[in-house]
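The values are calculated or read from the model by the stated rules, or taken from the named source; none is laboratory data. Being a predicted model, the structure only gives us computed values, none of them experimental. FYI the Cβ positions are ideal-geometry reconstructions off the backbone, even for glycines, and counts take in every protein chain you see.
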Amino acid sequence: MAAPLRLLVALPAEARPIVAHYRLERQADAGGFPFYRGDGDVALIVSGPGKLAAAAAVATLHLAAGAAPHAAWLDVGLAGHRHRPVGEAVVAGRVCDRGSGECWYPPQLWRPPPATGEVLTVEEVERRYDGPWFYDMEASGFCAAASRLASLELVQVLKIVSDNRRRPPAGLDKHRVAALVEARLGEIDALARATRALAAELGRLAAPPPMYDELVATLRFTASERRQLRRQLRRWQALAASTPLPPELLAGCRRGGELNRRLDAWLDHLAVAS
Amino acid sequence: MITTVYVEEEVREHPRVRAICRRLPKAVRIACRRYGEIFNRRGQSFRLQKRQPALILAAKRRPRVLETPAGYGVGGERNYYFSHLLNCPYDCRYCFLQGMYRSAHYVLFVNYEDFFDEVAEIAGAAAGESWFFSGYDCDSLALEPLTGFAAAALDRFRRLPAARLELRTKSVQLAPLRARPPLANVVVAFSLTPEGIWRDLEHGVPGVERRLAAMAELARRGWRLGLRFDPLIYRRDFAARYDELFARVFAALPLASIHSVSLGPFRLPRPFFKNLLRHYPDEPLLAGPLAEHDGMISYRHELEREMVGAVTASLLRHVPRERFFPCAA
């Protein structure tokens, strides 16, 4: 099953092609932000411009979409660059905040690697393009908030060049913005798929082992005994996944602690014999 | 293949950084202020990063050379270690690095000369010999074609006769050793486990046969060798497996070339073990007959005693006791 996908965009016009692509449906606003959902646990929020709005929208999206622990998070949006051509898309290898100086380095685990750029998040629309950066207004807020909710590998930023020294941002309208994003849906989808695959792997590692839910529903466990049970069932899966739990382990067992002790002894025997 | 290289601003113009970047022309290059911003950040997955580790090029600040834990050594009185590299291209399931570091990226400290200056300072400050172990947080030779570290170390240690260097490896990257006459103050130590354990646990590591061939070549060239049977891994038939390994090893290598042999049971500090378990919950090694003693996870006492006793006895049928150094650390 695909891992959840959480998308953040700043502008309604950026959202439009993505909403169509993933067949998302508008829901009631979440915390004042336009919010969309679709099949396969895909959800999108429109933050409005600025890093604070982006950070607040990430938190809102997380809760509104069900607080999934291992979701893929993507910030998709526009950026200005000194000379890179309008329409070019890059995945951020580094995101820095001009105000605080803090930086994030979303790990690039893709083979082959996509085009990568360094993004600088600024407070106002950049018109001078002094540095070699891709200038945006949301990525640092997005990274700051999303990296608290997911492992850093699952937090990715994709920026599409919308303006440069020869084509300043003044001429951008909503149709142009939507067209720029629509032209890069292939890259957006590829990054989303790859990040969701990583998220699925982390989700699988964290999932309860077989029999856990049944046993917890059948016997009484304290919180610490539940953790022990989870560990013991993991051991069972590691040592002998194809061997069913012997019925005598459960026979006459009333409390979780007792089952854990029986499991421990059985698994130790298996481990020494393997 | 390394596809991303992070470069600390401080070493951006370092000649070694330029040379390494030339060797990785297709890699994306990203600037960073300090390597710790990437490597030490919380909330990243070692397991996911191990799929495609990046290379971080950085400068190591003092202290660069540290005393080893008590009990770590091969007979010397003063023992130190240094790490020009953090992490390793191999993926051994028992390796403590996976539990110690938050990131699987390689950090290469390019200021090798500063390490060697500190080694010279320490070695010069004491009478007699001092040992320096280079493969503590990495493999000394596995990334040699990229780093050139061992070549630089050998050239410097040639001029430091009171300093003893151990290069520890599982690789067969012999180029810097082939290119130089053997040095009396250098030991090239190879870690080995029985064939089946190598197959199960040492992902990406050259096979036992290839490592033995590399060792035999070094022996022919006059280099002194170390044998490191560490960690000992339990299997029901562990005694037979280690007997067979020792028979192969000592048939392939002349005893005269062997400087030292060490052996140590599988053990990990509890926090490292917990991290490993989180990364690899389905790994049979971590589900084995283990117990906690004084904050360390290792095989249950009686089993560990049985393993160490049997394997030591088998080993001492091949090597004289004075060249044998059981690991206490």
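Can you pull out every residue in the range B:240-289 that is buried (at least 18 other Cβ atoms within 10 Å of the Cβ), outside any helix (DSSP H, G or I) and more than 14 Å from every other protein chain (Cβ to nearest Cβ)?
Scanning the range B:240-289 gives B:253, B:258, B:259, B:260, B:261, B:262, B:263, B:264, B:265, B:267, B:268.
Given B:211, B:158, B:199, which one is at pLDDT 95 or above, surrounded by fewer than 22 Cβ atoms within 10 Å (Cβ to Cβ) and within 24 Å of residue B:52 (Cα to Cα)?
Result: B:199 is the single residue among B:211, B:158, B:199 that is at pLDDT 95 or above, surrounded by fewer than 22 Cβ atoms within 10 Å (Cβ to Cβ) and within 24 Å of residue B:52 (Cα to Cα).
Out of all the residues in the range A:261-274, is one or more within 35 Å of the chain's Cα centre (by Cα) and either surrounded by fewer than 18 Cβ atoms within 10 Å (Cβ to Cβ) or over 30 Å from residue A:3 (Cβ atoms) (or both)? Step through it out loud before you land on a result.
The first filter runs over the range A:261-274 and keeps only residues within 35 Å of the chain's Cα centre (by Cα), leaving none.
No: zero hits.
Would you call residue A:78 in a strand (DSSP E or B) and either modelled with pLDDT of 95 or more or not charged (D, E, K, R) (or both)?
On the way: in a strand (DSSP E or B): yes; either modelled with pLDDT of 95 or more or not charged (D, E, K, R) (or both): yes.
Yes, satisfied.
Do we have residue B:172 as of a type in the set (Val, Ile, Thr) and out of contact with any strand residue (DSSP E or B) (no Cβ under 7 Å at 6 or more places or on another chain) here?
yes
Tell me the helices (runs of 4 or more DSSP H) entirely within the range A:155-274 that contain at least 3 residues that are within 11 Å of chain B (Cβ to nearest Cβ) and either at positive phi or at pLDDT 95 or above (or both). So that I can check it myself, show each step before the final result.
Numbers: elements: A:174-182, A:185-206, A:212-218, A:223-240, A:247-250, A:256-273.
Fully inside the range A:155-274 and qualifying: A:185-206, A:223-240.
For every residue, the table says whether it meets (1) in contact (Cβ under 8 Å) with a residue 40 or more places away in the chain; (2) within 14 Å of chain B (Cβ to nearest Cβ); (3) crowded, with 21+ Cβ neighbours inside 10 Å; (4) within 19 Å of the chain's Cα centre (by Cα).
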{"position": "A:46", "(1), (2), (3), (4)": "no, no, yes, yes"}
{"position": "A:63", "(1), (2), (3), (4)": "no, no, no, yes"}
{"position": "A:88", "(1), (2), (3), (4)": "yes, no, no, no"}
{"position": "A:93", "(1), (2), (3), (4)": "no, yes, yes, yes"}
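Going by the structure shown, is residue A:141 among the small types (Gly, Ala, Ser) and within 14 Å of another protein chain (Cβ to nearest Cβ)?
no
Go over the candidates A:148, A:230, A:204 one by one and state the one that is closer than 18 Å to residue A:104 by Cβ, surrounded by fewer than 20 Cβ atoms within 10 Å (Cβ to Cβ) and without any contact (Cβ under 8 Å) to a residue 60 or more places away in the chain. Steps first, answer last, please.
Numbers: A:230 fails: closer than 18 Å to residue A:104 by Cβ; A:204 fails: closer than 18 Å to residue A:104 by Cβ.
None of the others qualify; the one that does is A:148.
Restricting to the range B:82-93, give me the number of residues that are of a type in the set (Phe, Trp, Tyr) and surrounded by 20 or more Cβ atoms within 10 Å (Cβ to Cβ). I'd like the intermediate steps shown before the answer.
First, pick out the residues of the range B:82-93 that are of a type in the set (Phe, Trp, Tyr): B:82, B:90.
After this cut, where a residue has to be surrounded by 20 or more Cβ atoms within 10 Å (Cβ to Cβ) as well, the list is B:82.
Qualifying residue count, the range B:82-93: 1.
Quick check: anything in the range B:155-171 in contact with a Phe, Trp or Tyr (Cβ under 9 Å, 6 or more places away or on another chain), of a type in the set (Lys, Arg) and under 17 Å from residue B:250 (Cβ atoms)?
No, that holds for no residue.
Name the residues in the range A:115-138 that are within 14 Å of chain B (Cβ to nearest Cβ) and surrounded by fewer than 18 Cβ atoms within 10 Å (Cβ to Cβ), would you?
A:115, A:131, A:132
Scan the range A:7-21 for residues that are farther than 12 Å from residue A:38 by Cβ, out of contact with any Pro (no Cβ under 7 Å at 6 or more places or on another chain) and not hydrophobic (A, V, I, L, M, F, W, C) and jot them down.
Those that are farther than 12 Å from residue A:38 by Cβ, out of contact with any Pro (no Cβ under 7 Å at 6 or more places or on another chain) and not hydrophobic (A, V, I, L, M, F, W, C): A:14, A:16, A:17.
Would you mind finding the one in B:126, B:163, B:104 that is touching a Ser or Thr at 6+ places or on another chain (Cβ under 7 Å) and over 30 Å from residue B:238 (Cα atoms)?
B:163
Being at pLDDT 95 or above and more than 16 Å from residue B:106 (Cβ to Cβ) is true for just one of B:14, B:84. Which residue is that?
Details: B:84 fails: more than 16 Å from residue B:106 (Cβ to Cβ).
Among B:14, B:84, only B:14 is at pLDDT 95 or above and more than 16 Å from residue B:106 (Cβ to Cβ).
So which residues in the range B:19-40 are basic (Lys, Arg) and surrounded by 15 or more Cβ atoms within 10 Å (Cβ to Cβ), if there are any at all?
Correct list: B:29, B:34.
Does residue A:78 meet the test of being farther than 19 Å from residue A:165 by Cα, away from every other protein chain (no Cβ under 11 Å) and surrounded by 15 or more Cβ atoms within 10 Å (Cβ to Cβ)?
Here the answer is no, as residue A:78 does not meet what is asked.
Given the conditions (1) assigned to a loop (DSSP other than H, G, I, E, B); (2) under 26 Å from residue A:195 (Cα atoms), which single one is not true for residue A:96?
All conditions pass for residue A:96, except number (1).
Please go through the range B:2-20 and pick out each residue that is facing chain A (nearest Cβ under 9 Å) and either of a type outside the set (Val, Ile, Thr) or in contact (Cβ under 8 Å) with a residue 60 or more places away in the chain (or both).
B:6
Here is a yes/no grid of residues against (1) in contact (Cβ under 8 Å) with a residue 12 or more places away in the chain; (2) within 27 Å of residue B:304 (Cα to Cα):
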{"position": "B:189", "(1), (2)": "yes, yes"}
{"position": "B:210", "(1), (2)": "yes, no"}
{"position": "B:216", "(1), (2)": "yes, no"}
{"position": "B:224", "(1), (2)": "yes, no"}
{"position": "B:227", "(1), (2)": "yes, yes"}
{"position": "B:234", "(1), (2)": "yes, yes"}
{"position": "B:240", "(1), (2)": "no, yes"}
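Do you know which of the residues in the range B:97-121 that are among the β-branched types (Val, Ile, Thr) and not in a strand (DSSP E or B) is nearest to residue B:283 (Cα to Cα)? Steps first, please.
Within the range B:97-121, the first condition is being among the β-branched types (Val, Ile, Thr), and the residues that meet it are B:107, B:110, B:119.
Among the residues that remain, those that are also not in a strand (DSSP E or B) are: B:110, B:119.
Working: B:110: 35, B:119: 39 Å.
Residue satisfying both the conditions and the ranking: B:110.
Looking at the range A:161-169, is at least one residue within 30 Å of residue B:49 (Cα to Cα) and not hydroxyl-bearing (Ser, Thr, Tyr)?
yes
Filter the range A:99-124 for residues that are part of a loop (DSSP other than H, G, I, E, B) and aromatic (Phe, Trp, Tyr); which is modelled with the lowest pLDDT?
Result: A:110.
Scan B:194, B:145 and give me the residue that is of a type outside the set (D, E, K, R) and in contact with an Asp or Glu (Cβ under 7 Å, 6 or more places away or on another chain).
B:194
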